[in-house]
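Notes to accompany the following structure.
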Amino acid sequence: MRRRDFITLLGGSAAAWPLAARAQQGDRLPRIGVLMPFDENDPAGKRNDRRRRVCQDDVGLQADQLLRERSYPIGVTAAPTKVHPHVAAVQRETRTIPIVFANVADPVAISIVARLDRPNGNVTGFASFEATLGGKWLELLSEVASGLKRVAIMFNPDTAPASAYMPSLETAARSLNVVPIITPVHSDVEIETAIIALGREPGSGLIVMLDIFTTVHRAPIISAVARNNVPAVYPLSEFARDGGLLGYGTDQLDTWRRAATYVDRILRGDKPSDLPVEFPTKFEMAVNLRTAKALGLAVPPSILLRADEVIE
């Protein structure tokens with residue numbers, strides 16, 4: 001979501017707050033700090049020194065709340081106890097200012113909250129995790145690319161909760177007689193190497209996992225897939241808009257809207273510890289017919305009828 005769109009969204013929410021709620025704040029209007037994983041000049045948004053400085057600045061301003069976007073976990077596959085770096089950075093600075101996160105994959109597994117129903121502490125928000133997505137991605141890819149024999153599961157093990165999606169994906173793979181190939185990547189070079197290898201094997205496909213790394217590196221992924229004629233499915237509709245074949249996943253804008261309701265409730269007096277972590281309720285699909293044509297694929301009507309957006 002673009003910054004100006006989010007400011008508009010929060011502006012609309014703030015305008016709806018009743019005068020009584022504002023009066024509880026006294027003469028001071030509430031301030032909301034917004035942390036994002038990347039900005040216009042720092043696409044990766046992963047520099048620890050900058051993250052800590054921003055957190056200190058936000059806390060120093062005594063923001064009433066800190067609202068975070070796309071809080072992707074670190075090391076869930078290898079070390080489930082690791083704490084998410086952005087939330088950890090904020091928590092080191094404050095245990096009192098309410099924090100509302102948006103689009104965290106599995107907040108309990110990465111120790112952001114103690115429980116989903118009663119998060120405890122000063123943190124709550126909205127998760128992006130949905131276990132059945134793994135199987136859904138493979139089913140969609142099989143519908144588009146007939147004759148699929150093997151599929152690479154691409155993710156960065158340092159930033160993606162790939163294990164969360166594997167049970168449903170493995171179940172679908174057995175049903176469809178497709179061999180899943182775990183494909184960890186850490187750089188553009190590894191992305192290119194993995195996709196070239198797929199292109200050499202007929203009947204190969206690619207599933208790109210929900211991951212801040214793959215989101216930031218979607219351009220080289222989409223480019224390499226196109227050059228090597230590999231059908232791929234992606235975890236967000238943005239990938240299809242950028243030239244990918246098909247994107248399916250949570251509606252990020254809807255999650256933002258829902259996060260704004262928690263901001264409103266906390267400003268009215270609710271405690272973060274009393275607000276349960278909620279999971280996605282809305283999903284969207286986008287399919288790119290130009291890309292399908294370039295790959296020599298005919299997108300079946302069953303997918304076109306279900307797609308929220310068809311790019312021609």
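The values are calculated or read from the model by the stated rules, or taken from the named source; none is laboratory data. In this text, all values refer to a predicted model and were calculated from it rather than measured experimentally. Glycine also receives a Cβ, built like all others from the backbone with ideal geometry; neighbour counts cover every protein chain displayed.
What the table shows:
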{"item": "Residues (farther than 19 Å from V179 by Cα, surrounded by fewer than 23 Cβ atoms within 10 Å (Cβ to Cβ) and within 21 Å of the chain's Cα centre (by Cα)) located in region 120-155", "result": "F129, E130, A131"}
{"item": "Search result, residues across region 107-145 that are in a loop (DSSP other than H, G, I, E, B) and closer than 19 Å to F283 by Cα", "result": "S128, F129, E130, A131, T132"}
{"item": "Tally, over region 299-309, of residues that are in contact (Cβ under 8 Å) with a residue 40 or more places away in the chain and out of contact with any strand residue (DSSP E or B) (no Cβ under 7 Å at 6 or more places or on another chain)", "result": "2"}
{"item": "Selection from region 202-235 of residues that are of a type in the set (D, E, K, R) and over 18 Å from H186 (Cβ atoms)", "result": "R227"}
{"item": "Top-ranked residue in region 236-257 [being in a loop (DSSP other than H, G, I, E, B) and small (G, A, S); ranked as surrounded by the fewest Cβ atoms within 10 Å (Cβ to Cβ)]", "result": "G243"}
{"item": "Qualifying residue in region 258-281 (condition: in a strand (DSSP E or B), among the β-branched types (V, I, T) and surrounded by 15 or more Cβ atoms within 10 Å (Cβ to Cβ))", "result": "no"}
{"item": "Long-range neighbours under 8 Å by Cβ, at least six apart or interchain, first residue farther than 23 Å from S163 by Cα and at pLDDT 95 or above within region 192-220, second among the acidic types (D, E) and not in a loop (DSSP other than H, G, I, E, B)", "result": "P220/D188; P220/E192"}
{"item": "Single match in G249, G269, G296, G243 (criterion: touching a residue at least 24 places away in the same chain (Cβ under 8 Å) and under 17 Å from E139 (Cβ atoms))", "result": "G249"}
{"item": "Meets criteria (in a strand (DSSP E or B) and either surrounded by fewer than 22 Cβ atoms within 10 Å (Cβ to Cβ) or out of contact with any Pro (no Cβ under 9 Å at 6 or more places or on another chain) (or both)) for V233", "result": "yes"}
